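Report on the following structure.
A short reminder: the numbers here are calculations on the coordinates, not readings from a lab. The shown structure was predicted, so the numbers you read here are calculated from the model rather than taken from an experiment. Don't worry about glycine lacking a Cβ; one is built from the backbone with ideal geometry, like all the others, and counts go over all protein chains shown.
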């Protein structure tokens, strides 16, 4: 009996290993972990430097800059709040960002669906490659004509920026949306049409709910771009009261010096809303990616 038990142990061990292999239980990949840890320093080190400088006084800026302040100066944040007129700049930036994200998701998804389902037709194939070609046009080439046209059309305001962010992001968004939509089985749409659904009903009730991962990706890219962009608001906006946070922070750049402590405090204040949005929305973003991986 003892011999039987001893002979059963290797078989049981092999069975356990086989089950673990099926379940995908593996050891830790230390090379990948070390690589990710090193790459994370590219974000954590500048963030630490920004926090340290924002808490210092101007007299403590000597040395390497990484030293923790001997006395913390919270007044830097109050000074940044007043000098940038932060509530007004925050409102302007939030309106532009939310409008750009909503309009981008609506327009890019609809255009991509039309192109993806008709890519065998000459007109739609030409439109697809035309949009892709726009990715290779540098912005400085069209910057001056853009300023002139927005002024003539009365779009040198927040609404004009929303339209421009939507148009300029259309090329990349159509590229990623189209590839994803073509992976959605066409039978789902055909079944909805057989049940009597119209074209709009097919899109909103069948296709758009399946675009969760792409909506999350495009929404994040558009949000970060519209929130942090400096050059487009600088050349488009004509009213100083409509300036965004990046434009308001330009007040710290003097001709002969820069107020680094207050400037870094304003940078942290500008970054805080995006972090808050991520903390609140990460559940929907992750769930959308998971749904797309098992679609």
> Which distance in nm do the two modelled labels at residue 200 and residue 31 give, with both placed 7 Å along the Cα-to-Cβ direction?
Replying inline: 5.6 nm
> How would you rank 166-175, 184-193, 74-83, 37-46, highest first, on the average number of other Cβ atoms within 10 Å across their residues?
Replying inline: 166-175, 74-83, 184-193, 37-46
> Taking neighbour Cβ counts within 10 Å as the exposure measure, how do 148, 56, 205 sort from fewest upward?
Replying inline: 148, 205, 56
> Which value in nm describes the separation of the simple spin-label points at residue 253 and residue 121, placed 7 Å from the Cα toward the beta carbon?
Replying inline: 4.7 nm
>> Just the number: Rg to Rh for segment 163-285, Cα atoms, Kirkwood Rh, two decimals.
In response: 1.15
> How far, in nm, would the chain grow between residue 129 and residue 38 when pulled straight, counting 0.36 nm per residue and subtracting the alpha carbon separation?
Replying inline: 28.9 nm
>> Need one number: convex hull volume per residue for segment 29-73, Cα atoms only, in Å³.
In response: 74 Å³
>> Run the simple label-point estimate for residue 208 and residue 106 please: 7 Å along Cα→C-beta, distance reported in nm.
In response: 0.9 nm
